[in-house]
Amino acid sequence: ARTAPFDEMDKAQVTVLRLQGQEP
Amino acid sequence: AALQGLQQALPGIIPPGLIPGQTAAAPVQPAQPRFKNFVILSQRQLTGDDVDEDLKDDILDIFGDEDSFSAERGNCFYPGLGISMVRPGNPTPVDLLISLSCNQAMGDGFRWPYPANGFTSETHQKLTKIYEKLWGPVPPGA
């Protein structure tokens, strides 16, 4: 079983974002 | 000078640039979209197809397991990957900022459930693969 709150995410809308991180 | 005075008196009547020596106003830059104050380069909503479901499961398996984390983390934080999860009926998103270069993650919208937030080497590899599936090679500093 996953640990909360990740056990509640079966129906969650998940967005992944590519972020700038360290500026070159 | 009289023309300049007239323009000041009636702004908008004389188009900018008509008077020599006057510089045009800089165009207003649109605000860069940000996630937790970090600039967003691109984003994608995971849909219900099989590839995305696998990605989502991989993410949840990593973050839902204490064994994914260790005290091994860098003394820095430059997140190259963000994840936002919104549960139906719950307005507070569970947000994650992930810094592969600094080997750690931070959470927002929930209490971090583990004593450590650095990655194990296995977790680092898994997250690198997830990043590569989405956007290709991980750039340095991500």
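The values are calculated or read from the model by the stated rules, or taken from the named source; none is laboratory data. Predicted, not measured: the structure shown is a model, and the values here were computed from it. Because the Cβ atoms are built from the backbone with ideal geometry, glycine has one as well, and the counts that use them run over all protein chains shown.
Does B:LYS56 satisfy the condition of being more than 8 Å from chain A (Cβ to nearest Cβ) and within 18 Å of A:ARG18 (Cβ to Cβ)? Steps first, please.
Numbers: more than 8 Å from chain A (Cβ to nearest Cβ): no; within 18 Å of A:ARG18 (Cβ to Cβ): yes.
No, not satisfied.
Quick one: count up the residues across the range A:4-22 that are at the interface with chain B (Cβ under 7 Å from one of its Cβ atoms), under 17 Å from B:ASP61 (Cβ atoms) and of a type outside the set (Phe, Trp, Tyr).
Of the residues in that region, 9 qualify.
Evaluate the following for B:CYS76: is it among the hydrophobic types (A, V, I, L, M, F, W, C), at the interface with another protein chain (Cβ under 10 Å from one of its Cβ atoms) and surrounded by fewer than 13 Cβ atoms within 10 Å (Cβ to Cβ)? Don't jump to the end; show me each part of the working.
Details: among the hydrophobic types (A, V, I, L, M, F, W, C): yes; at the interface with another protein chain (Cβ under 10 Å from one of its Cβ atoms): yes; surrounded by fewer than 13 Cβ atoms within 10 Å (Cβ to Cβ): yes.
When the stated conditions are applied, B:CYS76 passes them.
Return only the number of the condition from (1) surrounded by 17 or more Cβ atoms within 10 Å (Cβ to Cβ); (2) more than 17 Å from B:LYS36 (Cα to Cα) that B:ASN90 does not satisfy.
(1)
Considering only residues that are assigned to a loop (DSSP other than H, G, I, E, B) and either more than 9 Å from chain A (Cβ to nearest Cβ) or in contact (Cβ under 8 Å) with a residue 40 or more places away in the chain (or both), which ones fall in the range B:62-73?
B:ALA71, B:GLU72, B:ARG73
If only one of B:SER101, B:SER70, B:SER84 is small (Gly, Ala, Ser) and more than 17 Å from the chain's Cα centre (by Cα), which one is it?
Being small (Gly, Ala, Ser) and more than 17 Å from the chain's Cα centre (by Cα) holds for just one of B:SER101, B:SER70, B:SER84, which is B:SER70.
For B:ASP52, state whether it is among the acidic types (Asp, Glu), modelled with pLDDT of 95 or more and not in a loop (DSSP other than H, G, I, E, B).
Judged against the criteria, B:ASP52 is not a match.
So B:SER42 fits all but one of (1) surrounded by 13 or more Cβ atoms within 10 Å (Cβ to Cβ); (2) among the hydroxyl-bearing types (Ser, Thr, Tyr); (3) out of contact with any Asp or Glu (no Cβ under 9 Å at 6 or more places or on another chain); what number is the exception?
Going through the list (1) surrounded by 13 or more Cβ atoms within 10 Å (Cβ to Cβ); (2) among the hydroxyl-bearing types (Ser, Thr, Tyr); (3) out of contact with any Asp or Glu (no Cβ under 9 Å at 6 or more places or on another chain), B:SER42 breaks only (1).
One line per residue, one yes/no per condition, for (1) closer than 22 Å to B:ILE40 by Cβ; (2) outside any strand (DSSP E or B); (3) touching a Cys at 6+ places or on another chain (Cβ under 6 Å):
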residue: B:PRO79; (1), (2), (3): yes, yes, no
residue: B:GLY82; (1), (2), (3): yes, no, no
residue: B:ASP95; (1), (2), (3): yes, no, no
residue: B:ILE98; (1), (2), (3): yes, no, no
residue: B:SER101; (1), (2), (3): yes, yes, no
residue: B:GLY107; (1), (2), (3): yes, no, no
residue: B:TYR114; (1), (2), (3): no, yes, no
residue: B:LYS129; (1), (2), (3): yes, yes, no
residue: B:LYS133; (1), (2), (3): yes, yes, no
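Going residue by residue through the range B:117-139, is there one that turns out to be farther than 18 Å from B:ASP52 by Cβ, at pLDDT below 95 and under 16 Å from the mean Cα position of the chain (by Cα)?
yes
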